[in-house]
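Notes to accompany the following structure.
Each reported figure results from applying straightforward, stated rules to the coordinates on display, with no laboratory input. Keep in mind the model is a prediction, meaning the values are calculated, not measured. Backbone-built Cβ (ideal geometry, glycine too); neighbour counts: all protein chains shown.
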Amino acid sequence: RIAVFDLSFRKMPFNSGYAVFNGLKRVVNFIENFGFTNEDITYLKSIGYEEDFLNYLKDLKFTGNIKSMQEGEIFFGNEPLLRVEAPLIQAQLIETILLNIINFQTLISTKASRIRQEATHVILMEVVTRR
């Protein structure tokens with residue numbers, strides 16, 4: 001069966017009227033590298049998954065389609081940001097990861113946009129501790 005889901009924000013971060021879409025590059029990287037490692041399969045085997053299912057997972061690659069708005073686009077509540085159309089198991093396996101990627105990256109770019117909006121005449125710098 002084919003599953004379709006849209007990723008959207010119900011509420012805008014920081015009680016603002018908008019957000020700035022970001023994270024698409026990371027999503028593409030994740031999808032291109034989607035699959036199960038030998039270590040993953042060994043672990044799943046150790047907790048009792050059947051051999052037929054594990055063989056299926058060994059060769060599993062994403063075969064669906066993803067449509068998305070462009071990075072940096074402004075969007076509003078309940079507007080679809082990204083649509084996934086894929087076989088059900090693939091859609092289920094990637095949904096949570098895509099939500100995490102898009103939510104975090106969009107939160108960062110929206111915060112940066114709001115800071116820039118308020119601090120129009122000053123130089124802004126990122127000064128985070130690097131390890």
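Miscellaneous remarks
- For Arg10: the one exception among (1) out of contact with any strand residue (DSSP E or B) (no Cβ under 8 Å at 6 or more places or on another chain); (2) free of Cβ contacts under 8 Å to residues at least 60 places away in the same chain; (3) not in a helix (DSSP H, G or I); (4) not acidic (Asp, Glu): (2)
- Across the range 1-26, the number of residues qualifying as within 18 Å of Ile74 (Cβ to Cβ) and more than 15 Å from the chain's Cα centre (by Cα) comes to 10.
- Single residue of the range 62-77 satisfying the filter (farther than 16 Å from Gly23 by Cα and small (Gly, Ala, Ser)) that is nearest to the chain's Cα centre (by Cα): Gly64
- Among the residues of the range 22-41, those that are part of a helix (DSSP H, G or I) and surrounded by 11 or more Cβ atoms within 10 Å (Cβ to Cβ) comprise Leu24, Lys25, Arg26, Val27, Val28, Asn29, Phe30, Ile31, Asp40, Ile41.
- Qualifying positions in the range 50-61 - in a loop (DSSP other than H, G, I, E, B) and either within 16 Å of the chain's Cα centre (by Cα) or surrounded by 14 or more Cβ atoms within 10 Å (Cβ to Cβ) (or both): Leu60
- Residues of the range 86-131 that turn out to be surrounded by 14 or more Cβ atoms within 10 Å (Cβ to Cβ) and not in a helix (DSSP H, G or I), as a count: 2
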